[in-house]
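S.K.: I have a structure here, written as structure tokens, and I will follow up with some questions on it.
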Amino acid sequence: MKGQWIKGWHKINFAIGFVGMIERFKLRCAAARDVNKTQDKTLRGILEYAKDTEYGKTHNFAEILKAKTPQELFKAYEQNVKVNDYEDFRPLINRHMHGEANILFPGKPKMYATTSGTTSEPKWIPITFKYFKDVYGRMNKMWLSSLISANRHSFAGGVVSIVGKAIEGYAPDGTVYGSVSGVSFTNCPDFVKVAYSSPAEVFEIKDYRARYYTIMRFGIEMNSTVLITANPSTIVEMQNNVNEFFDDYVRDIENGTLKEDLDIPQHVREALKSRMKKNPARAQELRELKAQYGDQLLPKHYWPDMAVVNTWHCGNTKIYLDKIKNSFPSHTKMPEFGYFASECRAGLVLNEKDDTTLFAHMHYFEFIREEDLDNPNPEYLSLGQLEKGKRYCMYVTTCSGLYRYNMNDLVMVSGFNGTIPTIQFIQKVNGIITLTGEKLHERQFIKAVHDAEASMNIQTKFFIGFADPEYSGYHFFYEFADQSTTQEQAEAFTKTVDANLKGINCEYEAKRDSFRVKDPLTHRLEENSFEKFKAECISEGARDGQFKLMLLLLKDEKRYPKFEKLILK
């Protein structure tokens, strides 16, 4: 299987590289030269596009456009449009969903992307035809070409990609809602589709174990060279699926079949039939690999030519990235997936670091300094005012009806691409937990646990903390790599974590020493606790591609009980 390339892969590379080069040229030679002029042009374009909508008229877009300089435009926009979160837009989006046009943007949207919100109701993020074409369409070309820049053999073999379901349902007016990644997958050029290991119908499989099985059954049959999934925890689960069902994979590949006992809709099975042919040669290769490596069989063994693994490195996903780094060949490149949210595709990673170049020619950006997060009247900064090494909270304006929208994300400026800042995601702003003023950060908790692991020579596979207002203290849950770790040992581990937190956060130390925050409580988790938690969430309707879990949370009625059920008895 090693070295068996897709027919015509050089042509695929050329086509992807050529269209990507055009978009890179536009960014480098136009947008990045003068970020203030670029942002002026971008904001004017968005306001001109939406000036005759209800929102545009109410917020004086036509008057704002009379500003003569970039600075005048930015200030007029700030004065006429307040900062918003999703709940500010929900009533207007609901009107679009029920058939009204020209409310937030001209006409009606192409689709809605659904994602979890701050309330019990999900967010319905409108994606206009303009946004899908001008942003997703152009950025996807550059993104695919960036994978070739990382490794020229990226599209020489199969592409294993994890995306959401393109169509999950319909709004009251009949507009589809679903996953933008799924829609992009189905709309990709035909010359790219030939490289995908499985068709889009696979992502209609609701049962996540059956979906992973099907993806990997096709993926390991090919000499796959690209693996794309936003969250590295998904790669961990896919590998677990291979370990559990390896013999079933081999039989299916040998016989050209797909396990009958999997919960897969019949129409999906029918769509997959043409992809399944008897492949005894590959089945024998896999048997020999299993005989050679046994329980140590890893992706680097059945995908020896893997060129690129494209996934997040940011925030708490690094915990899972560390788990998979040694699972792939040493030549495999692992570029950062980049800053990407349902609300906007803000930019792309265009270097070998983890730096997302913000696309100033597609979105209008504003920022407030980290130290101003609690300031009721913060100073709003433009892209041209940002400083390298400083942290900011980001606000975006798009041509999909989001105006001065608070992303609730803390980012750090890591450098510049021309005059355009590059950023790295740090954490959600609401990743700060406080019971009595200790302001404990998720990243502080992560560091405290890692430092305890190093000092006590005890390893965890997963951990999570919950702040309990009723108890006035924290619950720390650990899945230890050694499941024979006793409760006594676990509690000693918690004492070390607690001491580390005191050393990291002086406010936490003060609150602990004054007994305002009680001793943290310790809970040992059973094996594969995160995977079981995620499986339950997905079975309840969470989308795999958007699945995110913060590691420090307030105790709630939704997530906490799921982990409580997984405590070792």
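S.K.: Could you list, in sequence order, all residues of the stretch 301-325 that are surrounded by fewer than 18 Cβ atoms within 10 Å (Cβ to Cβ) and at pLDDT below 90?
M.R.: The answer is LYS318, ASP322, LYS323, LYS325.
S.K.: Against the condition assigned to a helix (DSSP H, G or I) and surrounded by 20 or more Cβ atoms within 10 Å (Cβ to Cβ), how does ARG524 come out, does it pass? Give the steps one after another, and end with the answer.
M.R.: Details: assigned to a helix (DSSP H, G or I): no; surrounded by 20 or more Cβ atoms within 10 Å (Cβ to Cβ): yes.
Here the answer is no, as ARG524 does not meet what is asked.
S.K.: Condition first: in a loop (DSSP other than H, G, I, E, B), of a type in the set (A, V, I, L, M) and open to solvent by 20 Å² or more (accessible area, probe 1.4 Å). Can you find one or more residues in the stretch 534-542 that meet it? Steps first, please.
M.R.: First, the residues of the stretch 534-542 that are in a loop (DSSP other than H, G, I, E, B): 540-542.
Imposing the further condition that a residue be of a type in the set (A, V, I, L, M) reduces the set to 542.
Going one step further and asking which of them are open to solvent by 20 Å² or more (accessible area, probe 1.4 Å), we end up with 542.
Checking the stretch 534-542: at least one residue is in a loop (DSSP other than H, G, I, E, B), of a type in the set (A, V, I, L, M) and open to solvent by 20 Å² or more (accessible area, probe 1.4 Å).
S.K.: Something else about it: Considering only residues that are free of Cβ contacts under 8 Å to residues at least 40 places away in the same chain and more than 19 Å from the chain's Cα centre (by Cα), which ones fall in the stretch 537-555? If you could, list the steps in order and put the result at the bottom.
M.R.: Residues of the stretch 537-555 that are free of Cβ contacts under 8 Å to residues at least 40 places away in the same chain, as a first pass: 537, 540-541.
Scanning the stretch 537-555 gives a single hit, GLU540.
S.K.: Then there is this: With the condition being aliphatic (A, V, I, L, M) and touching a Phe, Trp or Tyr at 6+ places or on another chain (Cβ under 7 Å), I'd like the helices (runs of 4 or more DSSP H) fully within the stretch 15-73 carrying at least 2 qualifying residues.
M.R.: In the stretch 15-73, 35-50 are the helices (runs of 4 or more DSSP H) which contain 2 or more residues that are aliphatic (A, V, I, L, M) and touching a Phe, Trp or Tyr at 6+ places or on another chain (Cβ under 7 Å).
S.K.: I need the full set of residues from the stretch 140-157 which are open to solvent by less than 20 Å² (accessible area, probe 1.4 Å), more than 22 Å from the chain's Cα centre (by Cα) and either closer than 20 Å to VAL183 by Cβ or not aromatic (Phe, Trp, Tyr) (or both), in order please.
M.R.: ALA156, GLY157
S.K.: Moving on to the next point. Collect the residues in the stretch 417-442 that are in contact (Cβ under 8 Å) with a residue 24 or more places away in the chain, touching a helix residue (DSSP H, G or I) at 6+ places or on another chain (Cβ under 9 Å) and in a strand (DSSP E or B), keeping them in residue-number order.
M.R.: Within the stretch 417-442, ASN417, ILE420, PRO421, PHE425, ILE426, GLN427, LYS428, ILE433, LEU440, HIS441 qualify.
S.K.: Among the candidates GLY465, GLY401, GLY389, which residue alone is of a type outside the set (Val, Ile, Thr) and surrounded by fewer than 17 Cβ atoms within 10 Å (Cβ to Cβ)?
M.R.: Matching residue, one of GLY465, GLY401, GLY389: GLY389.
S.K.: Taking GLU352, is it among the charged types (D, E, K, R), open to solvent by 80 Å² or more (accessible area, probe 1.4 Å) and part of a helix (DSSP H, G or I)?
M.R.: On the way: among the charged types (D, E, K, R): yes; open to solvent by 80 Å² or more (accessible area, probe 1.4 Å): yes; part of a helix (DSSP H, G or I): no.
Taking the combined requirement at face value, the residue does not satisfy it.
S.K.: Related question: For the stretch 410-424, what are the residues that are over 16 Å from LEU348 (Cβ atoms) and open to solvent by 10 Å² or more (accessible area, probe 1.4 Å)?
M.R.: If the condition is that a residue be over 16 Å from LEU348 (Cβ atoms) and open to solvent by 10 Å² or more (accessible area, probe 1.4 Å), then MET412, THR419 are the ones that fit.
S.K.: Quick one: what pairs do we get from the stretch 62-80, first residue free of Cβ contacts under 8 Å to residues at least 12 places away in the same chain, second surrounded by 12 or more Cβ atoms within 10 Å (Cβ to Cβ) and assigned to a helix (DSSP H, G or I), C-beta under 6 Å, 6+ apart or different chains?
M.R.: ALA67/LEU73; ALA67/ALA76
The values are calculated or read from the model by the stated rules, or taken from the named source; none is laboratory data. These numbers come from a predicted model, not from an experiment. With ideal geometry, Cβ positions are generated from the backbone for all residues, glycine too; neighbour counts draw on all protein chains shown. Ligands, DNA and RNA are excluded from the accessible area calculation, which covers all protein heavy atoms including side chains. Shrake-Rupley method; radii C 1.70, N 1.55, O 1.52, S 1.80 Å.
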